[in-house]
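Nothing in this text is a laboratory measurement; each read-out follows from the coordinates by a stated rule. Remember, predicted model here, so these are calculated numbers, not experimental data. In this analysis, Cβ positions are derived from the backbone assuming ideal geometry, glycine residues included, and neighbour counts consider all displayed protein chains.
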Amino acid sequence: KTGYITIDNGFKNTGSTKSSITFLDGELGILRYRGYSIEDLAEKATFLEVSYLLIYGELPTEEQYKEFEYEIRTHTLVNEDMRKVFEGFPVNAHPMGVLSSLVSAMSAFYPDSYDSNAPADTEMHIIRMLAKLPTIATWSYKKSQGHPVNYPNNELDYCSNFLNMMFALPVEKYEVDPVVSKALNKLLILHADHEQNCSTSTVRLVGSSQANIYSSISAGIGALWGPLHGGANQEVIEMLEAIKADGGDTQKYINMAKDKSSGFRLFGFGHRVYKNFDPRARIIKKAADDVLSKLGVNDPVLEIAKTLEQAALEDEYFVSRKLYPNVDFYSGIIYRALGIPTNMFTVMFAIGRLPGWIAQWKEMRENKEPIGRPRQVYTGPTHRDFVSMTDR
Ligand code: SDX
């Protein structure tokens, strides 16, 4: 008995679950984590505070925060044999491909994460995932520079530790610039969760089969990599660089994006849910001006981005389709000013989104949600008899 199967390509009008984690209103441009507005959290919280809030549902007390932060600081080291897995990658491997592979490899180093007989100490795997992702995320960059990887330093806070592992060199002292770590903290908070987006839905679907957390997060990283999703932040900078190389001719790219046959999209524009503005894009655009001026960075692509935004917002094609800058449009400009290379931008998105993925995976498991298994409408051939090879 199949009854009616309704197809909803891209799940544009399908709710996959109930969740108490993130609320967003696409018309009003509202985004809240557990009821707290993104504007407040981005200004007043640390990324680990927001991670705690998303995963456990409440902002931590001082005591809870100290313990959580201590647990994370003391689990940042990665099993040395993971380096052997890493060494096998070519130097030009895309950091997202490396990251999703290494996160999946973590399940091999923590077999109690998938052994159904072992006590599924999810708490410990959540801590390990949060603590170790930044460590392994920096390895690709160091290898691309021909530099030795850095070990985590338990004296440093989460953002400073990441920056130190990224940029410290054995030959000179590296001081974390507070402007840089503050900007990173804000960006990570703004990326931390976004209800049932493509990669989060992927994490939930994989986890719904009771697959372990590392395999589920690794699948989420794979989905995020796509240029229509988190991969857009790399595409945006490459697009802005192309416009710059093209004498700043933004109208040419607007026209290309409007011409369907071009196959070109204005990356960083449009959103499935936000139809007036993406509140994160507003905060990031403001932060871009602030961070670049504090760092004394003059990046011509920032002006090109603003010109492009202005031109698109005055163009019928974009206005009629309610296409506005999304979270990916300005974020790369800040990452670049922080010294992060373009091919690491989506890795930064993954580090930010990790607590959201974990919170959603945990909620799905605690709610004992059924395995995800949608149906289809069959459009293939009706029954046919087998034809032997000689008669084909
Ligand atoms: C993220 O879901 C989330 O919450 C995601 C995210 C998160 O935090 O997890 O917010 C992060 O992924 C942000 C989006 C990053 N992607 C990009 O910037 C890539 C460019 N944007 C598009 O590909 C698109 O806007 C999507 C993917 C974001 C949304 O796609 P939809 O909702 O499926 O919309 P669509 O492709 O059906 O587009 C509707 C119309 C189409 O034209 P018509 O068929 O009506 O003539 O708008 C056009 C599209 O061709 N269109 C664009 C466009 N985006 C949509 N035309 C030119 N440039 C664009 N960027």
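Rg over Rh of the stretch 1-72, using C-alpha atoms and the Kirkwood radius, what does it come to?
On the way: Rg = 17.5 Å, Rh = 14.9 Å.
A ratio of 1.18.
Checking the cross-link filter: which aspartates and glutamates have an alpha carbon closer than 16 Å to that of LYS322, excluding same-chain neighbours under 8 positions apart?
The reachable aspartates and glutamates, counting only those whose Cα sits under 16 Å from LYS322, are ASP25, GLU27, ASP278, GLU309, GLU314.
Across 10 Å bins from 0, what is the distribution of all Cα-Cα pair distances for the stretch 255-392, in whole percents?
Per 10 Å bin, starting at zero, the Cα-Cα P(r) for the stretch 255-392 comes out as 9, 26, 24, 18, 11, 7, 3, 0 percent.
Report ³J(HN,Hα) in whole Hz for each residue of the stretch 236-244, in order, from the Karplus equation J = 6.51 cos²θ - 1.76 cosθ + 1.60 where θ = phi - 60°; Gly and Pro get x.
4, 5, 5, 5, 5, 5, 5, 5, 4
What's the Kirkwood radius of the stretch 102-236 in Å, using all Cα pairs?
This gives a value of 16.7 Å.
Give me the three principal axis extents of the stretch 217-265 from the C-alpha atoms, as integers in angstrom, largest value leading.
Dimensions of the stretch 217-265 along the principal axes of its Cα atoms: 40, 23, 9 Å.
If the viscosity is 1.002 mPa s and the temperature 20 °C, what Stokes-Einstein diffusion coefficient in µm²/s follows for the stretch 56-128 when Rh is the Kirkwood radius over Cα pairs? Intermediate results must be reported in sequence, preceding the final value.
Values: Rh = 14.6 Å.
It comes out at roughly 147 µm²/s.
Name the residue from LEU31, TYR317, GLY97 whose Cα lies farthest towards the positive end of the charge dipole of the chain, charges +1 on Cβ of Lys and Arg and -1 on Cβ of Asp and Glu.
TYR317
Kindly rank 262-268, 146-152, 354-360 from highest to lowest mean number of other beta carbons found within 10 Å of each residue. Write down the numbers at each step before the final one.
Numbers: 262-268: 17.3, 146-152: 14.6, 354-360: 27.0.
Highest mean packing first, the order is 354-360, 262-268, 146-152.
Any idea what the alpha-carbon Rg over 2.2 N^0.38 Å comes to for the stretch 106-160? The partial results should precede the final answer.
Numbers: Rg = 14.3 Å, N = 55, 2.2 N^0.38 = 10.1 Å.
Dividing the Cα Rg of the stretch 106-160 by 2.2 N^0.38 Å gives 1.42.
What is the ratio of the Cα radius of gyration of the stretch 239-329 to 2.2 N^0.38 Å, with N the residue count, to two decimals?
Working: Rg = 13.3 Å, N = 91, 2.2 N^0.38 = 12.2 Å.
Compared with the compact-globule rule of thumb, the stretch 239-329 sits at 1.09.
In whole Å, how far is the Cα centre of the stretch 254-331 from that of the stretch 1-62?
Measuring centre to centre over Cα atoms gives 23 Å.
Which loop-located chymotrypsin sites (Phe, Trp or Tyr not before Pro) does the stretch 1-42 contain, where loop means any DSSP state but H, G, I, E or B and the Cβ has at most 12 other Cβ atoms within 10 Å? If you can, show how the numbers build up before the last one.
Numbers: sites: TYR4, PHE11, PHE23, TYR33, TYR36; in loops: TYR4.
Qualifying residues, ordered by number: TYR4.
Can you sort LYS275, LYS143 from fewest to most other Cβ atoms within 10 Å of each residue's own Cβ? Spell out each step's value before the answer.
On the way: LYS275 16, LYS143 20.
Lowest count first: LYS275, LYS143.
So what are the stretch 311-350's ellipsoid semi-axes, whole angstrom, largest first, if each one is the square root of 5 times an eigenvalue of the alpha-carbon gyration tensor? Don't skip to the answer; put the middle values down first.
On the way: eigenvalues 153, 21, 8 Å².
So the three semi-axes of the stretch 311-350 are 28, 10, 6 Å.
Sorted from largest to smallest, which semi-axis lengths in Å does the alpha carbon gyration tensor of the stretch 46-173 give for its equivalent ellipsoid, taking the root of 5 times each eigenvalue?
Values: eigenvalues 134, 85, 27 Å².
So the three semi-axes of the stretch 46-173 are 26, 21, 12 Å.
Counting only GluC sites (Glu not before Pro) that are in a DSSP loop and have at most 13 other C-beta atoms within 10 Å, tell me the longest site-free stretch of the chain. If you can, show how the numbers build up before the last one.
Numbers: sites that count: GLU27, GLU58, GLU80, GLU155, GLU175, GLU314.
It runs 176-313.
Averaging over all projection directions, find the projected area of the Cα convex hull of the stretch 347-392 and quote it in nm² with one decimal place. Walk me through the numbers before you get to the answer.
On the way: hull surface 31.5 nm².
Seen from a random direction, the Cα hull of the stretch 347-392 projects 7.9 nm² on average.
Before rounding to the nearest 500, sum -39500 (n - 2.57) across all DSSP H runs of length at least 4 in the chain and divide by the residue total; then give [θ] at 222 nm in deg cm²/dmol. Can you show the working numbers first?
Numbers: 18 runs with 210 residues, N = 392.
Calculated at 222 nm, the ellipticity per residue is -16500 deg cm²/dmol.
Would you work out the Kirkwood radius for the stretch 171-296? I mean one over the mean of 1/r across all pairs of different Cα atoms, in Å. Spell out each step's value before the answer.
Details: mean 1/r = 0.0573 Å⁻¹.
Result for the stretch 171-296 stands at 17.5 Å.
Once the Cα gyration tensor of the stretch 145-189 is found, what semi-axes does its equivalent ellipsoid get, as square roots of 5 times the eigenvalues, in whole Å, sorted largest first?
On the way: eigenvalues 74, 22, 21 Å².
Working through the eigenvalues yields semi-axes of 19, 11, 10 Å.
Stick to Cα atoms and the Kirkwood definition of Rh, then tell me Rg/Rh for the chain.
Numbers: Rg = 22.2 Å, Rh = 22.4 Å.
With Rg and the Kirkwood Rh in hand, the quotient comes to 0.99.
Could you run the Karplus curve 6.51 cos²θ - 1.76 cosθ + 1.60 with θ = phi - 60° over the stretch 13-18 and give me ³J(HN,Hα) per residue in whole Hz, x for Gly and Pro?
My calculation for the stretch 13-18 gives 10, 10, x, 9, 6, 9 Hz in order.
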